[in-house]
Amino acid sequence: MPTVVYGGQSYECGEQSVLDCLTAQGVPIPSSCRSGSCQTCLMRAIKGSVPEKAKAGLKPTLAAQNYFLPCSCYPEENIEIVLPAEGMGKIEATVASVEYLNADILGIKLHPSKPLTYKAGQFINFFRDAATARSYSLASVPALDHELYLNVRKVPSGLVSGWIFSNLKAGDTVTISEAAGDCFYVPGKPGQNILLIGTGSGLAPLYGIIRDALLNGHTGQISLYHGSYNADGFYLVKELQKLEQYHSNFRYTPCVSEGEAQKDYAQGMVLDIALADNPDLSGWRIFLCGNPDMVNAAKRETFFAGASMNDIYADPF
């Protein structure tokens with residue numbers, strides 16, 4: 001009889017769903033519809049495998065991280081499970097390098113003290129002290145980069161970013177968390193077109209996602225639109241232009257919303273330009289990162305343009 005381990009306790013599941021098994025024992029698990037529709041009861045298996053039916057309806061990025069719906073899960077083997085917010089342990093890392101990418105964004109490379117499992121586009125928490133941390137997305141790709149790569153934007157009066165800009169240097173030891181988040185590339189559907197829209201340091205996860213997709217042999221069109229108030233806000237321009245030269249299916253469009261646009265830069269709001277160039281997004285995969293107002297508007301507008309909500313991945317910050 002399969003057992004479920006949760007919170008250090010073991011429960012025999014019998015013919016019940018995982019959710020019914022736990023709640024029958026008085027274990028409080030968030031839930032609502034109990035039929036797999038609302039996804040309120042979402043959990044993650046950290047040991048063992050769950051049936052594919054328990055992942056039905058989840059985004060591929062969640063399924064790839066062993067998330068499942070306990071209301072639909074009738075385990076066939078012993079499993080250990082946690083709630084989504086659990087499991088982000090802390091580790092130490094050494095700062096390998098710190099460089100200005102533009103006046104407001106630092107590129108930081110880190111050597112974790114032990115191997116860190118992550119996917120390009122996920123985020124880690126960066127701790128100033130035990131009580132103060134901020135989340136930063138990973139621009140690195142595990143198969144391509146030896147270090148973790150972060151793009152940190154200086155936020156006015158930012159407790160963590162201000163400290164990073166003023167104090168962080170190569171050789172320092174810092175505390176970070178393990179990686180989390182579902183904004184990353186999942187192999188499969190190699191011919192699917194991909195649209196990526198970002199502002200400011202929202203480029204960081206998109207840069208990782210693009211390189212990961214290309215590394216996996218993605219053949220569909222990959223179109224990146226990066227927005228900034230003026231040309232001084234862009235960074236990694238040469239790296240992206242080089243990718244564009246080497247990969248015929250990748251297109252990079254920097255978009256200037258207020259300042260004067262240089263040659264080969266688009267003039268206007270990044271979302272408007274992206275949708276004008278790609279008015280029909282039926283069947284596309286969408287990644288949206290950066291300014292929360294832009295991301296929220298883009299989720300709505302790309303859906304209205306035909307993209308499925310299950311194909312829209314967003315990371316506002």
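The HN-Hα couplings worked out from phi for segment 181-197 by the Karplus form 6.51 cos²θ - 1.76 cosθ + 1.60 (θ = phi - 60°) are x, 10, 9, 7, 7, 10, x, x, 6, x, x, 5, 6, 10, 10, 10, 10 Hz, whole numbers, x standing for Gly and Pro. For the peptides 56-62, 8-14, 39-45, 208-214, the ranking by mean Cβ contacts within 10 Å, running from highest to lowest, is 208-214, 39-45, 56-62, 8-14. With the simple spin-label model, which puts each label point 7 Å out from Cα in the Cβ direction, the residue 175 to residue 3 separation comes to 3.3 nm.
For segment 105-158 versus segment 245-317, the spacing of their alpha-carbon centroids is 24 Å. Select from 257, 228, 201 the residue whose mean-square fluctuation is largest in a Gaussian network model of the chain (Cα-Cα springs shorter than 10 Å). Among 257, 228, 201, the largest mean-square fluctuation in the Gaussian network model of the chain belongs to 257.
Is the shape of segment 190-317 rounded, prolate or oblate, going by the alpha carbon gyration tensor and its root eigenvalues a ≥ b ≥ c, with a/c under 1.5 for rounded and a/b larger than b/c for prolate? Oblate is the answer for segment 190-317, as a/c is 1.5 or above yet b/c matches or exceeds a/b.
Packing, as the average of other Cβ atoms within 10 Å across residues, places the peptides 189-195, 303-309, 121-127, 266-272 in the order 121-127, 266-272, 189-195, 303-309, highest first.
Distance between the pseudo-spin-label points of residue 52 and residue 82 (7 Å out from Cα toward the beta carbon): 2.7 nm. In a shell of Cβ-Cβ distance under 15 Å around residue 273, excluding residue 273 itself, what net charge do Lys and Arg (+1) and Asp and Glu (-1) give? Value of the local net charge: -4. Here the translational diffusion coefficient of segment 29-127 follows from Stokes-Einstein with Rh set to the Kirkwood radius across Cα pairs; for 20 °C and 1.002 mPa s it amounts to 133 µm²/s. Cross-link partners for residue 119 among the lysines, with Cα-Cα distance under 28 Å and sequence neighbours closer than 8 places in the same chain left out: 47, 53, 55, 59, 90, 109, 154, 169, 189, 238, 242, 299. Note: relative contact order over the chain, using C-alpha pairs below 8 Å and six or more positions apart, is 13 percent. With a simple spin-label model that places each label point 7 Å from the Cα along the Cα-to-Cβ direction, the separation between residue 12 and residue 249 comes to 5.2 nm.
For segment 217-317, the set of GluC sites (Glu not before Pro) satisfying both a DSSP loop assignment and a count of at most 13 other C-beta atoms within 10 Å is given as 258, 260.
Applying the criteria of a DSSP loop state and at most 15 other Cβ atoms within 10 Å to the GluC sites (Glu not before Pro) of segment 42-110 yields 76, 77, 86. Ranking of 218, 146, 247 by neighbouring Cβ atoms within 10 Å, starting from the fewest: 146, 247, 218. When DSSP beta bridges are restricted to pairs lying wholly in the chain, around 60% turn out antiparallel. Shape of segment 3-82 from its Cα gyration tensor (a ≥ b ≥ c, root eigenvalues): rounded if a/c is under 1.5, otherwise prolate when a/b > b/c, or oblate? Verdict is oblate for segment 3-82. Over segment 90-177, the ratio between the Cα radius of gyration and 2.2 N^0.38 Å evaluates to 0.99. What the pair-distance distribution of the chain shows, using all Cα-Cα distances binned every 10 Å from zero, is 6, 24, 30, 25, 12, 3, 0 percent. Taking amide hydrogens as placed 1.01 Å from N in the peptide plane, the amide H of residue 313 sits under 5 Å from those of 286, 287, 288, each at least 5 positions away in sequence or on another chain. Estimated purely from DSSP H runs of n ≥ 4, each contributing -39500 (n - 2.57), the mean residue ellipticity at 222 nm for the chain is -5500 deg cm²/dmol once divided by its residues.
Taking 255, 73, 183 in turn, the Gaussian network model of the chain (Cα-Cα springs below 10 Å) assigns the largest fluctuation to 73. Axis angle, to the nearest 10 degrees, between helix 203-215 and the longest C-alpha principal axis of the chain: 80 degrees.
Couplings 3J(HN,Hα) of segment 273-283, computed from phi: 5, 4, 6, 5, 6, 9, x, 10, 9, 4, x Hz, in residue order, whole Hz [Karplus 6.51 cos²θ - 1.76 cosθ + 1.60, θ = phi - 60°; x for Gly and Pro]. Residues in segment 163-176 carry Karplus couplings, in order, of 5, 4, 5, 7, 10, 5, 8, 4, x, 5, 9, 10, 10, 10 Hz; the curve used is 6.51 cos²θ - 1.76 cosθ + 1.60 with θ = phi - 60°, and Gly or Pro positions show x. Between the helical axis of 292-304 and the longest alpha-carbon principal axis of the chain there is an angle of about 80 degrees.
No lab work stands behind these numbers, since they all come straight from the coordinates. All values derive from a computational prediction rather than experimental measurement. No Cβ is skipped: glycine too gets one built from the backbone with ideal geometry, and neighbour counts run over all protein chains shown.
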